[in-house]
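The values are calculated or read from the model by the stated rules, or taken from the named source; none is laboratory data. Source: prediction; values computed, not measured. Heads up, the Cβs are rebuilt from the backbone with ideal geometry, glycines too, and the neighbour counts pull from every protein chain shown. All accessible areas refer to the heavy atoms of the entire protein, side chains included, with ligands and DNA or RNA removed. Shrake-Rupley method; radii C 1.70, N 1.55, O 1.52, S 1.80 Å.
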Amino acid sequence: QVQLVESGGGLVQAGESLRLSCAASESIFNFKFVAWYRQTPGKEREFVARIIASGSTEYADSVTGRFTISRDMAKNAVYLQMNSLKPEDTGVYYCRAARGILTLWGQGTQVTVSS
């Protein structure tokens, strides 16, 4: 069973940085894309960034220029570097991967940005 495990969340002040990691239990070569989403209480889960098999990246407008998604094929990991964090970036961040017709989600990691 394929697993995605997020880590790297925490409590930071506005303007600081965090790097989230998504570790896969199998080669990320198998995935059409790996993406990051986030969710806050009372709101729907929203797209943050994704990296597709070719290496191309996409970002939500709200994080463009501040967040960077990257991957390490040798480590089967995808990262989300988050700079210039804002209180509105607070939420649970989830890793999502697509393999064939399957969609996989991690358990999430909490990011809290204080003002």
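Just to confirm, what accessible area per residue do you get for the chain at 1.4 Å probe, in whole Å²?
I get 53 Å² per residue for the chain.
What are the ³J(HN,Hα) couplings of region 23-39, residue after residue, when phi is run through the Karplus curve with 6.51, -1.76, 1.60 and θ = phi - 60°? Round to Hz, x for glycine and proline.
Running phi through 6.51 cos²θ - 1.76 cosθ + 1.60 with θ = phi - 60° gives 9, 9, 7, 9, 4, 6, 4, 6, 9, 5, 7, 10, 10, 10, 10, 9, 9 Hz.
Probe radius 1.4 Å, ligands and nucleic acids ignored: give me the carbon and sulfur share of the accessible area of the chain as a rounded percent.
Its accessible area is 48 percent carbon and sulfur atoms.
Among GLN110, ALA98, LEU20, whose Cα projects farthest towards the positive end of the dipole of the chain, with charges put on the beta-carbon of Lys, Arg (+1) and Asp, Glu (-1)?
ALA98
Multiplying the sequence separation of SER114 and SER56 by 0.36 nm and subtracting their Cα-Cα distance, what value in nm do you get?
Contour length minus the Cα-Cα distance gives 17.7 nm.
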